[in-house]
Amino acid sequence: MNLSYLDPKIDLVFKRVFSRANLLLDFLNAVLPLDAPIESLTYLPTEQAPQVPGMRFSIVDVKCCDQSGQVFIVEMQMLWTDAYFSRILFSGAQAIINQLSSGAAYQSLCRVYSVTVLNDVFEKAPGEKDRWLHHYKITRLAEHDKVLQGLQFVILELPKFTPQTRVEKQVTALWLRFLCETGKSGFVPDEAFLSYPPVANAVKLTEFKGYSAVEIESYQKYLDALSNEKSFLLDAETKGRAQGMEEGRVEGMEEGIEKGRVAGLQEGIEKGRLAVARNLLALLDDDEAIAQASGLALAAIKKLRQGA
């Protein structure tokens, strides 16, 4: 591996950067549509949400609250599936429930922000090609300015962010450039990165020389597993489309394509689970953790280990 800087979107590096409260605070103030800036952060224990098929590359261990008690759940999601909406609803609701001790008043509940940094695209409509920030609230249908406070969702689609064609706050652009550009082949931090201390410190935490040989090996295995997963999903979709088109000759082209796509994706997802589990068997002794990460049943992990 001939890199001077590692990709901050990868599990190991993301955790190292955003486990620094001052960096996470600056990042959240830069990218979130907040009513008032965050002044201080306290990290909270994280809950392990149930794994959803197709979502094995999530990072769910950055959770904190600010000086007013607002809770922020920050996730890095490498691949997108439609099931992810259910996942963030679960995590957000869980963060609200966990605030309320027995006998406490509902008025004591604080707002929860679910923040997803997404290295994929989920809104593909032509009118959405430049919209990289998606902010969801619970609103009244007839009057969108009537908001039910308590739970908000923010999704940042990194592939859509293009600072050359958008006018953003300088700090916002720097943090998004940090996530998009750092770790790419030939990356060298420019003066804009180095002149802003929080981003400069974040860049330093991604330096290759700051990681042990064991950590670099883990980083590379994660990249390999991610690449395999992408390939499986792409192959499955390609095969599914071909199968669907053939079935569509009999049942109707549109219906056949959809059936083939779903069948192919299901097959690819299962293969992807096995590939991820096999990669992790060499890194971890905790079969339960591997089961959660891969989406396979614990019994299947034990069977794989016995045959390894």
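Efficiency by 1/(1 + (r/R0)^6): what FRET value for ILE96 and LYS129, r their Cβ-Cβ distance, R0 = 41 Å, to the nearest 0.05? List each step's numbers first, then the result.
Values: r = 34 Å, r/R0 = 0.82.
The formula returns an efficiency of 0.75 here.
How high is the relative contact order of region 80-210, in percent, with contacts defined as C-alpha pairs under 8 Å that are six or more residues apart? Provide the component values of the computation, followed by the final result.
On the way: 134 pairs, mean separation 25.8, N = 131.
Taking the mean separation of contacting Cα pairs over the length of region 80-210, I get 20 percent.
Mind giving me the FRET efficiency for ALA21 and GLN170? R0 is 30 Å, r the Cβ-Cβ distance, nearest 0.05 is fine. Provide the component values of the computation, followed by the final result.
Values: r = 22 Å, r/R0 = 0.74.
The calculated FRET efficiency here is 0.85.
Label-point separation (nm) for GLU288 and SER195, each offset 7 Å from Cα along Cα-to-Cβ?
5.2 nm
Which value, in Å to one decimal place, does the Kirkwood hydrodynamic radius take for region 83-138 when every pair of different Cα atoms is included?
Working: mean 1/r = 0.0724 Å⁻¹.
Evaluated over region 83-138, this radius sits at 13.8 Å.
Could you rank the peptides 126-139, 144-157 by their average count of other C-beta atoms within 10 Å per residue, with the highest value first? Each step should come with its number before you reach the end.
Numbers: 126-139: 12.3, 144-157: 15.2.
The packing order, highest mean first, is 144-157, 126-139.
For all pairs of alpha-carbon atoms in region 67-185, what percent lies in each bin of width 10 Å, listed from the first bin to the last filled one?
11, 36, 34, 15, 4, 0
Each reported figure results from applying straightforward, stated rules to the coordinates on display, with no laboratory input. Bear in mind the structure is a predicted one, so any value in this text is a computation, not a measurement. In this analysis, Cβ positions are derived from the backbone assuming ideal geometry, glycine residues included, and neighbour counts consider all displayed protein chains.
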